[in-house]
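Below is one structure, written out as structure tokens; comments come after it.
The values are calculated or read from the model by the stated rules, or taken from the named source; none is laboratory data. Quantities reported herein were computed from a predicted structural model and do not represent experimental measurements. Backbone-built Cβ (ideal geometry, glycine too); neighbour counts: all protein chains shown.
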Amino acid sequence: MGDDSAPALHSERRKCGKCGLVNSGNDEVCRRCGEPLILSDDAPPPSYETPATGKLKGRAFLRRVVWVVGATLLILIIWYASLLMTSDRLKPDQHAKVQSAIDLIQQGGFTREAFILKHLTSFRGSDNWMNAYVGHRDAYAATNFPFEVVTLYPEFFEVPIDDRERAAVLLHEARHLCGDGEENALRFAWQNKRRIGWTADRYGQTRLWDATARLTKASFPYYFQCGANSNGDCF
């Protein structure tokens, strides 16, 4: 009778762990690279994931993402609500002046800024807890980005001589609502002031014009090097 184990021994194959060549069962070193061969029974089991395991890990990751996004949204909603709860609304006459100023901005062709001011912004008449904590310089308004909350101080209603000057202030704040910093907001408002009719011939002697010109000149002195005396407003 023959030995049944012999064919099994000779039929076994040994794969080289170095070059990947499949050798016969009798080979002890790889025919290609000479690397010592190890029986497959002695090799460590391969590491792999079943389709079910991959799906479970994918679902767990998705749940984590949903949880993080949901928690973040909840925090933002609570933060936004706290800004409104710790500040006062505008009075009806103040609200009317704001809307008139926004209309002038829209008439000047600033569609995006007007839309944000009219539909996405919450105007407040006093500081919320965040403004009170951070503090601010003397200003006509303050913006809380990205919550789209704009606080309008008494100076906003008292210093500008009309709605057009208030429109100039709101155009500046609209750029903050879009994510711009102070310098970019100053640049944008000064370069585009003529589009809302805020010009030197009509408003050059007002307090708002003087204050805005000084702030803009401090950041962009080359904006004021035009004209016959090289000291005029380039815009």
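Which is closer than 22 Å to M85 by Cα, surrounded by 14 or more Cβ atoms within 10 Å (Cβ to Cβ) and not acidic (D, E), of R187, R124, R164?
On the way: R187 fails: closer than 22 Å to M85 by Cα; R164 fails: closer than 22 Å to M85 by Cα.
After applying the criteria, what remains is R124.
Evaluate the following for T206: is it at pLDDT 95 or above, among the β-branched types (V, I, T) and within 27 Å of the chain's Cα centre (by Cα)?
no
Need pairs with beta-carbon distance below 8 Å; first residue over 22 Å from N131 (Cβ atoms) and within the range 83-107, second of a type in the set (D, E, K, R) and surrounded by 13 or more Cβ atoms within 10 Å (Cβ to Cβ); sequence gap 6+ or separate chains.
That search, which allows pairs on different chains as well, returns Q99/K118; S100/D163; S100/R166; L104/D163; L104/R164; I105/E113; Q106/K118.
Based on this model, can you work out whether A189 counts as out of contact with any His (no Cβ under 7 Å at 6 or more places or on another chain) and in a helix (DSSP H, G or I)?
Details: out of contact with any His (no Cβ under 7 Å at 6 or more places or on another chain): no; in a helix (DSSP H, G or I): yes.
When the stated conditions are applied, A189 does not pass them.
Show the residue pairs meeting these rules: Cβ distance below 7 Å; 6+ apart or different chains; first residue within the range 191-212 and within 16 Å of F156 (Cβ to Cβ) and touching a residue at least 24 places away in the same chain (Cβ under 8 Å); second residue among the β-branched types (V, I, T) and part of a loop (DSSP other than H, G, I, E, B).
Close Cβ pairs satisfying both conditions: T206/I161; R207/V159; L208/V159.
Against the conditions (1) over 30 Å from the mean Cα position of the chain (by Cα); (2) surrounded by 14 or more Cβ atoms within 10 Å (Cβ to Cβ), where does L84 fall short? Just the number, please.
Going through the list (1) over 30 Å from the mean Cα position of the chain (by Cα); (2) surrounded by 14 or more Cβ atoms within 10 Å (Cβ to Cβ), L84 breaks only (1).
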